[in-house]
Each structure stands twice: as C-alpha cells, then as structure tokens.
C-alpha cells in the first residue's frame, strides 16, 4: 500500500486544493470496469455522471457492443484506433462532472503502449484531470509498459482496487484542508497589523520578538551590549538567567559551549566575555527551571507544509518520538499528536511529578501553526525546547531557530 500510494503522490502538486470525488472509468473490459466501480464506492468516492453532451460524443465513437455510461467500455476496437481513443478520452476529461480518470487495460501489447501513453499524457496535460492506469494483462505482452507509463508520469497498477486505493489517498492529500470547529486565530489577528517581517533578518531574539507579538510565551530577555549591560539584564530577569551566544549559523549552541545556565549578576561579566568570544552577540534571558521539554517545528514536504510535535531537548534525535500533521491543524489534531508520542504520558505526571500544563502547550502549538503558515517556501522552523511547566503555569519557548533556503534569502535581498 505504501508503494502504491507513493506512486500517485507525484500528482499532488497538480491537483492540490481540488476535490477529487467523481471518477470516470475508461476500460477495454467490462469486468475491470465493474471492479473499479465497486472499489470507487468502497473508498467513499462516486462514479462521475457524464453529461448528455459527453454521452452523445461517446455514442459516435464507441461501438454498439461497448458501453458509454460510466464505466465507459470503449472496447478493444477503439483502443486499436489512436484517433478514436484520443477523442473518447478528451470527451470524458472535458466533462465538468469528472474529477479523475481510472483507465483500465485488460490486454496491452507492445505496439499499443506508446499510443496509450501519448493519449493519457495529452489528456492530463490539456485538462489537468489526474489519470491513473490499470494494466491487468500478462507482463510478457508488453514488458516495458509499466516503466514507460511511469516515465511519463502516469501511475500504473495491476488491479483496479489498488489503483482506486491510491486515487483515494491522492484525494485526501489534495483536498482543501479545513479545521474542525472554530478556526485557530492567526498571528495577524493577535499581533498588530504591519508589513510582513524580513524573515532573513531574524536571529533568535528577533524570532522570539515575533512570537511574542503573536501572543506566544517566550522568556523575558534581551541582547546585551557589554559586561555591565549583562549584569543589568540578569537582574531584570530575576537574578538568575540563561546566557546564550547568538552567532549566525550556530544552531546547536549547547554543543559549542554557547549556553550558560544559572547566571547570577556576579557571574555575568565573565560569562559575557566568554560567549562574546565565540564571534557573535550575547542574549540574556530569564531562567525557566524544570518542565517537560517539547519540540515544535515546521517544514515543507512534497505533500505540503507540516507541523511536528514531539519529545524535545538535547536528546531529540536519539529519542526520535515525533508526531506530524499537514497544516492547518485544530485543537483535536494537536491533542491527538500529543497522545501519539510519549508526551501524553509525560504530561500526565510520572514518578511523582505534577501534571504538566497540556492545555497551554496546545494553545501554543496552534499559535505556532498559524505563524508557520506565513513562512516563506522552504523555511524550517525549529522551537526546541518548549518547556511545559506544571498545570496552570503555562509553557515557554526557550530556543527558536529559523532556517531559510537560498531562494528565500535572495528574495529578501540578503
């Protein structure tokens, strides 16, 4: 099933945002057409109801012993005439009531393959209607058929049921995504209106300022200019702080010695000098002890932009416990993601620990998802850790990083 669905995912970009429910079946075998029709119903889709104009056109093409009602049995005689086959396909694909075509071939010999591929490819390119092929005949009759079809971007399957299963998966990924219940607030609704940010100019402090403007929880803190300013910033943060090196390209600051915990006013000058020696600026933030460390991130995939939630901290890659969803998401989606990982159990409280503020994290993830939807193409957002405190105490986004592809940097003039 995974391989079958993978074959059809190359069509996602072509059909993204469209509803795929009404399917036309074109076949050279009545039996294959019936099998396809049964599979379409079983997968919650429907046989397309062809218009009177389409039926009239097909009546002029298909022999009397064929069938023009969907499933359309064009018969082997039409298959052997490329011009008639082209006309039949074009009439079906041009019908406004057709969202996709499943083309079933019972016997396909070597001499038929090129004509079939050209006809199916032409229809897809001219109309944008996704076409999936089924080839149920013996492989030795046309041993290169499957490879030729795939090379032309035509997914091909050995049975109608497998083809329709893949088409149903394509329909699920292509359909406009909506959230259940109320739409989560967008950043624009919670932050003051203004011009889009210069994403390329955002270091950790700038990114956290943007998160805070959207109502998301970040630690109190700021970048400091010198050792004396570092002392003042630690006092502003409550007398105990975390100091971080802000160096372009340095994503894993802990590994490079770029994070110092439990900084007091007395230690601040020495810590500042040490971190500044790494070649960047120094950020001082309030220290947020304890909590369940969580990862929240977003990136683009061939299927669309996703959000990830999982166990965070320095062992994220080792634990590898993450749930993924395509955007947009709603509260129920995020709750499901937490329960798919160890976070669900961790938030409930283990080994005498208090339950964590799960509701606060859900709200935060929804806010992050709204911001992630506005990021440039190819951007990767990494918030790790987001520490979730005891129930009623909320959560804090302790580390934030945004990576942009070269194309996005060029567009912003960086």
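With a Förster radius of 25 Å, plug the Cβ-Cβ distance of residue 52 and residue 76 into 1/(1 + (r/R0)^6) and report the FRET value to the nearest 0.05.
Working from the Cβ atoms, E equals 0.40.
In a Gaussian network model over the chain where Cα atoms closer than 10 Å are linked, find which of 389, 326, 250 has the largest mean-square fluctuation.
250
Classify the range 292-411: rounded, prolate or oblate, from the alpha-carbon gyration tensor (a ≥ b ≥ c, eigenvalue square roots; a/c under 1.5 rounded; otherwise prolate if a/b is larger than b/c)?
Here the range 292-411 falls in the prolate category.
For residue 403 paired with residue 69, estimate the spin-label separation in nm (one decimal), with each label point 7 Å from Cα along the Cα-to-Cβ line.
5.7 nm
Between residue 339 and residue 374, what is 0.36 nm times their sequence separation minus the Cα-Cα distance? Round to one decimal in nm.
So the chain would gain 9.9 nm between residue 339 and residue 374.
If packing is taken as the mean number of other Cβ atoms within 10 Å per residue, what is the order of 302-308, 312-318, highest first?
Highest to lowest by the protection proxy: 302-308, 312-318.
Given springs between every Cα pair under 10 Å in a Gaussian network model of the chain, which of 208, 52, 223 has the largest fluctuation?
Among 208, 52, 223, the largest mean-square fluctuation in the Gaussian network model of the chain belongs to 52.
If I build a Gaussian network model for the chain, linking alpha-carbon pairs within less than 10 angstrom, which residue out of 44, 33, 221 has the largest mean-square fluctuation?
44
Just to be sure I understand: of the beta bridges DSSP finds with both ends in the range 21-155, what percent are antiparallel, rounded to 5?
Of the beta bridges lying entirely in the range 21-155, close to 5 percent run antiparallel.
Once fully extended, how much extra length lies between residue 350 and residue 4, figured as 0.36 nm per residue of separation less the alpha-carbon to alpha-carbon distance?
120.4 nm
If you stretched the chain out fully between residue 321 and residue 262, how much longer would it get, using 0.36 nm times the residue separation minus the C-alpha to C-alpha distance?
18.4 nm
Could you state the number of Å between the C-alpha centres of the range 1-24 and the range 34-93?
21 Å
I need the calculated FRET efficiency for the pair residue 16 and residue 240, taking r as the beta carbon distance and R₀ as 51 Å, to the nearest 0.05.
So, using R0 = 51 Å, E works out to roughly 0.55.
Along the Cα→Cβ direction, 7 angstrom out, place labels at residue 114 and residue 198. What is the inter-label distance in nm?
It is 5.7 nm.
If you count the DSSP beta bridges with both ends in the chain, what percent of them are antiparallel, to the nearest 5?
DSSP beta bridges in the chain are roughly 70 percent antiparallel.
Bear in mind these aren't lab numbers, they're just calculated from the coordinates by the rules spelled out. What you are looking at is a predicted structure, and each value in this text was computed from that prediction instead of being measured. Ideal geometry is used to build each Cβ from the backbone, glycine not excepted, and the neighbour counts take in all protein chains shown.
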